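Novice: Pasting a structure below so you can have a look.
The values are calculated or read from the model by the stated rules, or taken from the named source; none is laboratory data. On a predicted model such as this, the values are computed, not experimentally measured, just so you know. We place every Cβ from the backbone using ideal geometry, glycine too, and count neighbours over all the protein chains shown. Areas reflect the complete protein model, heavy atoms only, side chains present, ligands, DNA and RNA absent. Shrake-Rupley method; radii C 1.70, N 1.55, O 1.52, S 1.80 Å.
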Amino acid sequence: MNRRKFTTCLAATGLCPTPLHSGTPKWVKHGELFRHTGKPTAGWIQNFTSPAEPLENDRWRLWISLSGIGVDRKIGFAEGSIGGKWDITYANTGPGLILEGMPPGWHPVQPVHLVLKDGTHRLYFWVHGDSDGHVVRFIAADSDDGVRYRVVNALQPCLYHISDRAVGAEARLDIDLPKPGKKMNLTDGESPAPAHLICNDATNVYQLPDGTFELFTVGLIPSGRDKQRDGLRGMIRVIYRYSSADGLLWNGPQKVIIPDSKDPGDLEFYYLSVTYTDKGRIGILGRYRTDAQTIDMECCNSTDGVNWERNHRKPWIDRGGESELDRFMIYPPHQLILRDGKWWMFYTGANFSHDLRDFNGQKQRGIFAATLDALIH
């Protein structure tokens, strides 16, 4: 396979021809690669839901985003090598990545980059904004050259967060959200959010071999319990699956992974990252323990994206020790990448709890690397 096909196959779609192996493989951690430095000093970097793409000479391109308390969100990419220097390019700060058509005051985060089957490029990302009503929605931008992108669906997005300005009381009641929410504040050309497109962040999108798309995100269902350390009282996070012919208009949701009687009582699912092989899908499932406010990765698998087997209900990779940056929460990328006979995972680690109450040192996130010689099937 030549380099162009290799990069398109693995980095863009996650598809690969390598069979899965039995046994109990163990991740080898290669430590922290880089973190945000400089201004804004409160900024935190992450590659959560974002792809890694192989470059020449053992280099990588990691799609990333910058966020933090009171920090304007940004998306971009970092290029570098294991143990070497990483150069970061954010959208609209240099010639390598231009993002056009974004309404004023909207800020992107958590980019998902795909090279589509027709050779064009697409970026998906969440946007946050308060300039004309509270906006939290998942949108797309298209590009012919992989450099200059234009937003295509700002007012008719792929998905809406429960706190978006277009989410009305009727839609919230339809999905059993406990509060009516704020009054809608729509602009020209904008419609109320349909109930089936309302979710709760952490989204991964993939194009399938037949050209259609599937999307995994986090939905909310009633829990029947009152949690002490989480803002979503009476609700729990579960994994939704959507499907689409064009990657813009989505059908669903299907509830595909829900905590059951074998799980701890405080367990929710924060994300699902998927790697595709000819033996099926390998999932990295976010184990969110709401009592401890920690997040771990769990390995799961599926042949169709709908029915998931969870035979390893425990963390797949260890979080760091008491003084390490990945102590409290770890977040996976868009998918694993096969390179030089190993599976590579670039992930985000945080030294603070989900509710920010517990932390070691100054609150910070960093990008880490780990490798694996085989995959569980």
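Novice: Can you find even one residue in segment 49-59 that is of a type in the set (S, T, N, Q) and outside any loop (DSSP other than H, G, I, E, B)?
Specialist: No, that holds for no residue.
Novice: I've got another one for you. So in segment 149-189, with the set limited to residues that are basic (Lys, Arg) and buried (at least 17 other Cβ atoms within 10 Å of the Cβ), which one is modelled with the highest pLDDT? Before you say what the answer is, go through the steps one by one.
Specialist: Step one: list which residues in segment 149-189 are basic (Lys, Arg), which gives 150, 165, 172, 179, 182-183.
Still in the list and also buried (at least 17 other Cβ atoms within 10 Å of the Cβ): 165, 172.
Numbers: Arg165: 94, Arg172: 90.
Checking each candidate, the answer is Arg165.
Novice: Filter segment 328-364 for residues that are within 19 Å of Thr290 (Cβ to Cβ), in a loop (DSSP other than H, G, I, E, B) and out of contact with any Asp or Glu (no Cβ under 9 Å at 6 or more places or on another chain); which is least open to solvent (accessible area, probe 1.4 Å)?
Specialist: Ser353
Novice: Continuing with this model, one more query. Among Trp60, Trp86, which is the only one that is of a type outside the set (D, E, K, R), touching an Asp or Glu at 6+ places or on another chain (Cβ under 9 Å) and farther than 16 Å from Pro333 by Cα?
Specialist: Result of the check over Trp60, Trp86: Trp86.
Novice: Name every residue in segment 71-85 that is open to solvent by 30 Å² or more (accessible area, probe 1.4 Å) and under 22 Å from Trp60 (Cα atoms), in order of residue number.
Specialist: Lys74, Glu79, Ser81, Ile82, Gly83, Gly84, Lys85
Novice: Can you run down the residue pairs with Cβ atoms below 7 Å, 6 or more apart or on separate chains, where the first is in segment 346-363 and within 22 Å of Trp86 (Cβ to Cβ) and the partner is open to solvent by 40 Å² or more (accessible area, probe 1.4 Å) and among the aromatic types (Phe, Trp, Tyr)?
Specialist: Asn351/Phe359
Novice: Please specify each residue of segment 278-288 satisfying the condition of being touching a Pro at 6+ places or on another chain (Cβ under 7 Å) and outside any loop (DSSP other than H, G, I, E, B).
Specialist: Ile284, Arg287
Novice: What are the residues in segment 264-291 that are closer than 19 Å to Pro332 by Cβ, over 17 Å from the mean Cα position of the chain (by Cα) and not hydroxyl-bearing (Ser, Thr, Tyr), if any?
Specialist: Leu267, Gly280, Arg289
Novice: Which residues, counting only those in segment 125-134, are in a strand (DSSP E or B) and more than 12 Å from Gly76 (Cα to Cα)? Walk me through how you get there before you give the answer.
Specialist: So in segment 125-134, the residues in a strand (DSSP E or B) come out as 125-129, 131, 133.
If the condition is that a residue be in a strand (DSSP E or B) and more than 12 Å from Gly76 (Cα to Cα), then Trp126, Val127, His128, Gly129, Ser131, Gly133 are the ones that fit.
Novice: Continuing with this model, one more query. Can you report the number of residues in segment 90-124 which are open to solvent by 40 Å² or more (accessible area, probe 1.4 Å) and either among the acidic types (Asp, Glu) or in a strand (DSSP E or B) (or both)?
Specialist: Adding up the residues that qualify gives 3.
Novice: Return yes or no: is Ile139 open to solvent by less than 10 Å² (accessible area, probe 1.4 Å) and either among the aromatic types (Phe, Trp, Tyr) or within 21 Å of Leu249 (Cα to Cα) (or both)?
Specialist: For Ile139, the condition - open to solvent by less than 10 Å² (accessible area, probe 1.4 Å) and either among the aromatic types (Phe, Trp, Tyr) or within 21 Å of Leu249 (Cα to Cα) (or both) - is met.
Novice: Looking at Gly321, is it free of Cβ contacts under 8 Å to residues at least 12 places away in the same chain and of a type outside the set (Lys, Arg)?
Specialist: On the way: free of Cβ contacts under 8 Å to residues at least 12 places away in the same chain: yes; of a type outside the set (Lys, Arg): yes.
Against the criterion (free of Cβ contacts under 8 Å to residues at least 12 places away in the same chain and of a type outside the set (Lys, Arg)), Gly321 qualifies.
Novice: List, please: which pairs have Cβ atoms under 6 Å, are six or more places apart or on different chains, and start with a residue in segment 143-160 that is closer than 17 Å to Leu197 by Cβ and end with one that is charged (D, E, K, R) and part of a loop (DSSP other than H, G, I, E, B)?
Specialist: Close Cβ pairs satisfying both conditions: Leu155/Glu190.
Novice: Specify which of the listed residues (Gly247, Gly211, Gly252) is of a type outside the set (A, V, I, L, M, F, W, C), in contact with a helix residue (DSSP H, G or I) (Cβ under 9 Å, 6 or more places away or on another chain), touching a residue at least 40 places away in the same chain (Cβ under 8 Å) and farther than 21 Å from Ser353 by Cα.
Specialist: Of Gly247, Gly211, Gly252, the one residue that is of a type outside the set (A, V, I, L, M, F, W, C), in contact with a helix residue (DSSP H, G or I) (Cβ under 9 Å, 6 or more places away or on another chain), touching a residue at least 40 places away in the same chain (Cβ under 8 Å) and farther than 21 Å from Ser353 by Cα is Gly252.
Novice: Looking at (1) under 19 Å from Trp308 (Cα atoms); (2) open to solvent by 10 Å² or more (accessible area, probe 1.4 Å); (3) touching a Cys at 6+ places or on another chain (Cβ under 8 Å); (4) modelled with pLDDT of 95 or more, can you tell me which one Leu285 breaks?
Specialist: All conditions are met except number (2).
Novice: Which members of segment 295-327 meet the condition of being in contact with a strand residue (DSSP E or B) (Cβ under 6 Å, 6 or more places away or on another chain) and in a loop (DSSP other than H, G, I, E, B)?
Specialist: Selection gives Thr303, Gly305, Val306, Arg310, His312, Pro315, Trp316, Ile317, Arg319, Leu325, Asp326.
Novice: Please find, within segment 193-233, the residue that is nearest to Ile139 (Cα to Cα) out of those that are charged (D, E, K, R) and at pLDDT below 95.
Specialist: Among residues in segment 193-233 that are charged (D, E, K, R) and at pLDDT below 95, the one nearest to Ile139 (Cα to Cα) is Asp201.
Novice: On the phi > 0 side of the Ramachandran plot and either surrounded by fewer than 17 Cβ atoms within 10 Å (Cβ to Cβ) or without any contact (Cβ under 8 Å) to a residue 60 or more places away in the chain (or both): which single residue out of Gly219, Gly265, Gly224 fits that description?
Specialist: On the way: Gly219 fails: on the phi > 0 side of the Ramachandran plot; Gly265 fails: on the phi > 0 side of the Ramachandran plot.
Residue meeting the stated conditions: Gly224.
Novice: Return a yes/no flag: does segment 303-314 have any residue that is within 28 Å of Asp291 (Cα to Cα), crowded, with 19+ Cβ neighbours inside 10 Å and free of Cβ contacts under 8 Å to residues at least 40 places away in the same chain.
Specialist: No, that holds for no residue.
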